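Take a look at the structure below.
The values are calculated or read from the model by the stated rules, or taken from the named source; none is laboratory data. It should be emphasised that the depicted structure is a prediction, and the values quoted were computed from it without experimental measurement. Cβ placement follows ideal geometry from the backbone for every residue including glycine, while neighbour counts extend to all protein chains displayed. To get the accessible areas, we keep the full protein, side chains included, count just its heavy atoms, and leave off ligands, DNA and RNA. Shrake-Rupley method; radii C 1.70, N 1.55, O 1.52, S 1.80 Å.
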Amino acid sequence: MDTIGKSNTIPIEVSARHVHLSKEHIEKLFGRDYNMSKKKDLSQPGQFQYEERVMLIGPKGILRGVAILGPAREKTQVEISKTDAVVLGINPPVRESGNLEGSEKIYIATEKAVVEAMESVIIAKRHIHMTPEDAKKFGVEDKQLVSVKVKSDRPVVFEDVLVRVNKEYKLSMHIDFDEANASGYKEGVVGEIIFF
């Protein structure tokens with residue numbers, strides 16, 4: 001097993017369950033011409049979290065207080081973990097963000113309204129955001145699948161990690177809470193791309 005070198009480390013962030021709403025669904029859930037309130041910026045440039053929250057309703061259970069991320073999307077997308085899916089009673093596919101064809105449906109609710117979001121729920125494929133400069137440094141390309149060793153007290157190797165390259169991105173690997181718990185994640189933990 002070879003590695004690219006000690007400098008080949010990537011900050012890891014945990015992505016909690018969240019929703020990207022379409023403009024249509026924002027209006028249905030919160031009211032026409034409603035202005036969402038920005039809570040905080042996220043690590044990826046141009047991405048942020050709203051103050052408002054929603055409820056996810058599945059055949060078997062409910063998840064309350066789910067974060068909404070902005071800006072608004074063309075189509076509503078819901079990202080949850082496998083554990084969340086079991087609670088809700090649904091079986092969403094593991095997919096790259098934006099690949100929603102044939103994905104699960106869910107009911108999204110506020111105190112004012114409920115919408116049925118068809119083909120909207122995925123378990124996000126673990127991935128690395130990086131700039132073209134980062135990709136060159138690490139010797140990888142956009143859409144490439146790599147393995148990443150999590151350098152924690154409970155180290156694991158995640159395979160099939162999707163590389164996403166864009167000049168607007170900031171270097172970081174995103175995993176969900178199931179993956180974080182399995183790898184003994186703590187703030188400050190990094191990963192290293194490895195090649196077998």
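For the chain, the residue among Pro132, Pro45, Phe158 whose Cα projects farthest onto the positive side of the dipole built from Cβ charges is Pro45.
Note on the chain: with neighbouring protein chains present and a 1.4 Å probe, carbon and sulfur make up 48 percent of its accessible heavy-atom surface. The simple spin-label model puts a point 7 Å past each Cα toward its Cβ; for Lys137 and Asn35 those points are separated by 3.9 nm.
When both the stretch 123-196 and the stretch 17-71 are represented by their alpha-carbon centers, they are found 25 Å apart.
If you take all other residues with their beta carbon under 10 Å from the beta carbon of Leu56, and give Lys and Arg +1 and Asp and Glu -1, the sum is +1. Note on the stretch 25-72: Rg/Rh from C-alpha atoms, Kirkwood Rh, equals 1.02. For Leu145 and Lys60, the FRET efficiency from 1/(1 + (r/R0)^6), where r spans their Cβ atoms and R0 equals 30 Å, is about 0.40. Among the listed pairs Lys23/Lys105; Lys39/Lys137; Lys137/Lys170; Lys40/Lys167; Lys38/Lys186; Lys40/Lys105, a Cα-Cα separation exceeding 25 Å is found for Lys39/Lys137; Lys38/Lys186; Lys40/Lys105. A cut-off under 12 angstrom between Cβ atoms defines the neighbours of Lys125, and their net charge, with Lys, Arg +1 and Asp, Glu -1, is -2. Sum up the charges of everything whose Cβ sits under 15 Å from the Cβ of Ser81, counting Lys and Arg as +1 and Asp and Glu as -1, but leave Ser81 out. It works out to a net charge of -2. Would you mind estimating how fast the stretch 140-195 diffuses translationally, via Stokes-Einstein at 25 °C and 0.890 mPa s with the Kirkwood radius over Cα pairs, in µm²/s? After rounding, the answer is 206 µm²/s. Under a model in which nothing but the beta-carbon of Lys, Arg (+1) and Asp, Glu (-1) is charged, the stretch 69-138 shows a dipole of about 200 debye around its Cα centre. Of the peptides 134-147, 170-183, the order by per-residue mean of other Cβ atoms within 10 Å, starting with the highest, comes out as 170-183, 134-147. Sparse packing (at most 16 other Cβ atoms within 10 Å of the Cβ) combined with a DSSP loop state is found for the following trypsin sites (Lys or Arg not before Pro) in the stretch 3-57: Lys6, Arg32.
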